[in-house]
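The values are calculated or read from the model by the stated rules, or taken from the named source; none is laboratory data. Just so we're clear, the structure is a prediction, and the values are computed from it rather than from any experiment. As a convention, Cβ positions derive from the backbone with ideal geometry for all residues, glycine included, and neighbour counts pool all protein chains shown. Surface areas here come from the heavy atoms of the whole protein model, side chains and all, with no ligands, DNA or RNA. Shrake-Rupley method; radii C 1.70, N 1.55, O 1.52, S 1.80 Å.
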Amino acid sequence: MATGQQWVLVEMVQAFYEAPAYHLILEGILILWIIRLLFSKTYKLHETYKLTEKEKEDLIEEWQPEALVPPVSKDYPTLNYDVVTGPPSHKITINGKDCINFASFNFLGLLDNERVKQKALASLKKYGVGTCGPRGFYGTFDVHLELESRLSKFMKTEEAIIYSYGFATIASAIPAYSKRGDIIFVDEAACFAIQKGLQASRSLIKYFKHNDMEDLERLLKEQELEDLKNPRKARVTRKFIVVEGLYINTADICPLPELVKLKYKYKVRIFLEESMSFGVLGDHGRGVTEHFGVNIDDIDLISANMENALASIGGFCCGRSFVIDHQRLSGQGYCFSASLPPMLAAAAIEALNIMEEDPDVFRVLREKCKHVYNTLQGTPGLKLVGVPVAPALHLELERSSGSRESDMKQLRSIVDYCMERHVALTLARYLEKEERFLPPPSIRVVVTIEQTEEDIQKAVACIREAASALLIS
């Protein structure tokens with residue numbers, strides 16, 4: 001063994017003597033470089049300077065932390081409130097001025113209805129003000145169960161679930177079903193509550209152009225091809241389409257019959273947000289499914305708030321029992337928020353009673369919507385956005401200045417002009433830095449059954465006069 005090692009050493013020495021000189025020099029340089037890298041420091045020691053106590057105190061006093069939020073001008077629109085005193089019903093008092101209300105979503109005029117108020121008052125005396133607990137922790141009252149039962153019967157579904165906050169309804173429902181790895185196809189015009197639900201779900205989001213079924217089918221076909229490449233993954237990936245029945249940001253209706261066809265063709269589920277269409281569309285106010293005559297069982301989940309047509313607070317989801325029951329375990333807004341105050345649940349039940357007793361209110365509302373839509377056509381300098389049956393229309397500038405802030409100021413001047421003449425309108429407001437697809441600035445004109453022909457004529461004349469004076473001149 002020792003002889004073998006000696007022989008190897010002899011060979012190494014012999015190879016060293018036989019190697020070319022340049023080869024030895026190069027190897028020597030590399031060895032020296034490696035040694036330098038191993039033992040040299042990778043940083044330079046700067047000369048240290050010890051601060052005195054006074055210098056330390058001066059530096060601490062001069063230091064200013066970075067602002068928690070960016071500076072906002074004091075005249076920013078959302079920081080300056082129009083203060084309402086009294087009920088925001090047909091007539092509304094804003095900043096001490098009595099106006100005709102074309103701003104509040106009180107579509108059926110139930111906000112100040114005497115029957116609704118009496119039921120809420122009786123419930124207040126019986127149950128108190130709030131609930132002080134979520135539904136799973138002594139926050140379930142008999143009136144909640146009654147309201148859920150009434151809503152499911154009204155919508156002709158197996159079951160309904162109520163939430164104490166309208167915004168949280170769809171924002172909680174989406175992540176209750178769609179998780180990381182699932183895919184959601186959603187309309188670009190989807191409201192902010194849907195956007196928050198998408199964000200919370202952590203699913204893969206694919207946006208299609210507003211109400212463009214060809215664009216949606218293109219995305220569905222692309223996904224179908226992807227699924228063929230990886231069938232094992234496709235089997236466990238859930239796919240959803242999320243749309244609004246009547247879009248709050250565009251005041252138009254989703255093409256539901258076409259969506260249902262795509263649902264069955266590509267095996268996806270449909271979630272339908274009906275906050276603006278519930279209590280508005282259809283002969284009995286059941287929303288866009290009744291409007292189109294679509295079987296409600298073709299929709300996997302319907303959600304809506306109770307803050308518009310029902311003039312209460314909160315929201316609800318309805319559908320098949322096994323779908324709804326899942327939200328009682330996974331709907332964040334349901335599980336962790338204090339339940340709906342009983343007086344508001346009682347008010348919503350009485351509002352449903354009125355809707356069922358007098359379905360003619362929906363015909364009256366549709367006629368008034370069409371009338372307002374027609375009379376607003378051709379307003380100088382403004383473009384009317386929406387469909388004739390929408391109860392909340394948008395007026396946008398025909399020609400934008402190119403600056404959103406400038407456009408907002410122009411539209412605000414029209415709102416102020418009308419308010420001075422006792423007509424209450426409102427600007428559509430958005431969280432500009434949060435919106436996925438920010439809608440253009442607009443004035444929102446809300447129609448209710450309480451508005452008279454005289455009210456409508458006055459409001460339209462006032463808008464036209466303001467537009468002519470402030471935009472055309």
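Need a quick list: helices (runs of 4 or more DSSP H) entirely within segment 227-341 having at least 3 residues that are over 30 Å from L108 (Cα atoms) and more than 22 Å from the chain's Cα centre (by Cα).
231-236, 256-266, 321-330
Could you say whether any residue in segment 357-370 is buried (at least 19 other Cβ atoms within 10 Å of the Cβ) and either under 22 Å from the mean Cα position of the chain (by Cα) or more than 29 Å from K119 (Cα to Cα) (or both)?
Within segment 357-370 (the criterion being buried (at least 19 other Cβ atoms within 10 Å of the Cβ) and either under 22 Å from the mean Cα position of the chain (by Cα) or more than 29 Å from K119 (Cα to Cα) (or both)), the answer is yes, since at least one residue qualifies.
Quick one: in segment 419-456, of everything that is closer than 28 Å to I354 by Cα and assigned to a helix (DSSP H, G or I), which residue is most open to solvent (accessible area, probe 1.4 Å)?
If we take residues in segment 419-456 being closer than 28 Å to I354 by Cα and assigned to a helix (DSSP H, G or I), then E454 is most open to solvent (accessible area, probe 1.4 Å).
Give me the pairs, please: first residue somewhere in segment 218-233 and without any contact (Cβ under 8 Å) to a residue 40 or more places away in the chain, second residue anywhere and surrounded by 12 or more Cβ atoms within 10 Å (Cβ to Cβ), beta-carbon distance under 6 Å, and either six or more positions apart or on two chains.
Close Cβ pairs satisfying both conditions: L219/F185; L219/K206; L219/F208; D227/A234.
Can you tell me which residues in segment 112-152 are assigned to a loop (DSSP other than H, G, I, E, B), in contact with a Phe, Trp or Tyr (Cβ under 8 Å, 6 or more places away or on another chain) and charged (D, E, K, R)?
R135 - this is the single residue of segment 112-152 that is assigned to a loop (DSSP other than H, G, I, E, B), in contact with a Phe, Trp or Tyr (Cβ under 8 Å, 6 or more places away or on another chain) and charged (D, E, K, R).
Just the residues that are in contact with an Asp or Glu (Cβ under 7 Å, 6 or more places away or on another chain) and either open to solvent by less than 20 Å² (accessible area, probe 1.4 Å) or without any contact (Cβ under 8 Å) to a residue 40 or more places away in the chain (or both), please, taken from segment 101-118.
Matches in segment 101-118: G109, V116.
Checking D98 against (1) free of Cβ contacts under 8 Å to residues at least 24 places away in the same chain; (2) within 19 Å of L427 (Cα to Cα); (3) open to solvent by 60 Å² or more (accessible area, probe 1.4 Å), which single condition isn't satisfied?
The single condition D98 does not satisfy is (1).
Looking only at segment 289-299, decide whether some residue is farther than 21 Å from A428 by Cα and touching a Phe, Trp or Tyr at 6+ places or on another chain (Cβ under 9 Å).
Yes, some residue in segment 289-299 is farther than 21 Å from A428 by Cα and touching a Phe, Trp or Tyr at 6+ places or on another chain (Cβ under 9 Å).
Mind counting the residues in segment 195-214 that are open to solvent by 20 Å² or more (accessible area, probe 1.4 Å) and free of Cβ contacts under 8 Å to residues at least 24 places away in the same chain?
Number of matching residues: 7.
Looking at (1) surrounded by 13 or more Cβ atoms within 10 Å (Cβ to Cβ); (2) modelled with pLDDT under 95; (3) in contact with a helix residue (DSSP H, G or I) (Cβ under 9 Å, 6 or more places away or on another chain); (4) aliphatic (A, V, I, L, M), can you tell me which one L121 breaks?
The failed condition is (2).
Residues in segment 325-333: is at least one at pLDDT 95 or above and open to solvent by less than 20 Å² (accessible area, probe 1.4 Å)?
No: zero hits.
Out of T131, T78, report the one residue that is among the polar types (S, T, N, Q) and within 30 Å of R328 (Cβ to Cβ).
None of the others qualify; the one that does is T131.
Among the residues of segment 43-88 satisfying the criterion of being open to solvent by 100 Å² or more (accessible area, probe 1.4 Å) and among the basic types (K, R), which is modelled with the highest pLDDT?
K54
Exactly one of these conditions fails for T379: (1) in contact with a strand residue (DSSP E or B) (Cβ under 8 Å, 6 or more places away or on another chain); (2) outside any strand (DSSP E or B); (3) under 30 Å from G287 (Cα atoms); (4) open to solvent by 20 Å² or more (accessible area, probe 1.4 Å). Give me its number.
(4)
Hey, can you tell me all the residues within segment 425-473 that are without any contact (Cβ under 8 Å) to a residue 40 or more places away in the chain and under 29 Å from C191 (Cα atoms)?
Within segment 425-473, E432, K433, L438 meet the criteria.
Looking only at segment 258-288, how many residues end up being surrounded by fewer than 20 Cβ atoms within 10 Å (Cβ to Cβ) and of a type in the set (F, W, Y)?
The total comes to 2.
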